[in-house]
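The values are calculated or read from the model by the stated rules, or taken from the named source; none is laboratory data. What you see is a predicted model; the values in this text were computed from it and never measured. Cβ: placed from backbone, ideal geometry, glycine included. Neighbour counts: every protein chain shown. Each accessible area value is taken on the protein alone, full model and side chains, heavy atoms only, with ligands, DNA and RNA left out. Shrake-Rupley method; radii C 1.70, N 1.55, O 1.52, S 1.80 Å.
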Amino acid sequence: MNGDDLDTMAVLHDPVRRAVYDYVVSLGREVGRNEAAEAVGVQRTLAAFHLDRLVEAGLLEAGFRRLTERTGPGSGRPAKVYRRAPGEWQVSVPARDYRTLALVLAEAIEELGGDERAGRAARRAGAGLAREGEDLPGVLRRRGYQPYEEDGRVRLRNCPFHVLAEEHPPLVCSVNLELCRGLLESLGQDASEARMDPRPGECCVAFSKNNDD
């Protein structure tokens, strides 16, 4: 376990701070102090305190921009805004190193040409992800994908396999796709389809209706 990671995660122990963080990362865009305060139901000064604490911990990034279209004299100063910081944190006691093992296994699969077998295994694993009574967004949120709807599609702000995807993108993205397809099958959602639809900074998979172009 990395002690810095443990300190970072401890910052989220405060329920208001966690609510502020969850709100910012759920939107996938910059958020001002007033908006965050209104979203979680606290005063602006308290929201600002928690936002800046999250920046200090490395969980958010801060910048400045105008929140209105007004320009010139009287338009006011740019406001401080916040967005999710890149990177990821893992905490386990005692220390575990699943990331290195996963990277080794991914490289071995590629060298052995086992992509198709990995895809079939991922599809079977995806079929076991859902809990009784869960819907697709619920499973995706629990698994860390951070789903959101756009134009009738379910897109994913976060890739739970980000580190592996950066090192072995064809293998990991295809495995992730089959995992999501297995999940759909287990939920009985024949009218929906998981397909590759990558966007910068997001997961490579999106969910859409079968008749979508």
| Which residue out of Glu150, Glu107 is at pLDDT 90 or above, closer than 30 Å to Ala206 by Cβ, more than 19 Å from the chain's Cα centre (by Cα) and not aliphatic (A, V, I, L, M)? | Glu107
| query | Listed residues Glu166, Glu107, Glu111, Glu116; which is open to solvent by 80 Å² or more (accessible area, probe 1.4 Å), in a helix (DSSP H, G or I) and in contact (Cβ under 8 Å) with a residue 60 or more places away in the chain? | reply | Glu107
| note | Scanning region 198-213 residue by residue, those under 14 Å from Glu149 (Cα atoms) and buried (at least 17 other Cβ atoms within 10 Å of the Cβ) turn out to be Glu202, Cys203, Val205, Ala206, Phe207, Ser208
| note | Residues of region 176-197 being closer than 28 Å to Ala108 by Cα and either open to solvent by 40 Å² or more (accessible area, probe 1.4 Å) or among the charged types (D, E, K, R) (or both), in sequence order, are Glu178, Arg181, Arg195, Met196, Asp197
| query | Which of the residues spanning region 1-47 are open to solvent by 70 Å² or more (accessible area, probe 1.4 Å), modelled with pLDDT of 90 or more and either in contact with a Ser or Thr (Cβ under 8 Å, 6 or more places away or on another chain) or within 28 Å of Arg199 (Cα to Cα) (or both)? | reply | Arg18
| Qualifying positions in region 119-136 - open to solvent by less than 40 Å² (accessible area, probe 1.4 Å) and within 18 Å of Ser208 (Cα to Cα) | Gly126, Leu136
| request: Starting from region 41-64, keep only residues that are among the acidic types (Asp, Glu), then list their pairs with residues that are at pLDDT below 95 and open to solvent by 20 Å² or more (accessible area, probe 1.4 Å) whose Cβ atoms are within a distance under 6 Å, requiring at least 6 positions of separation or different chains. | output: Glu61/Arg83
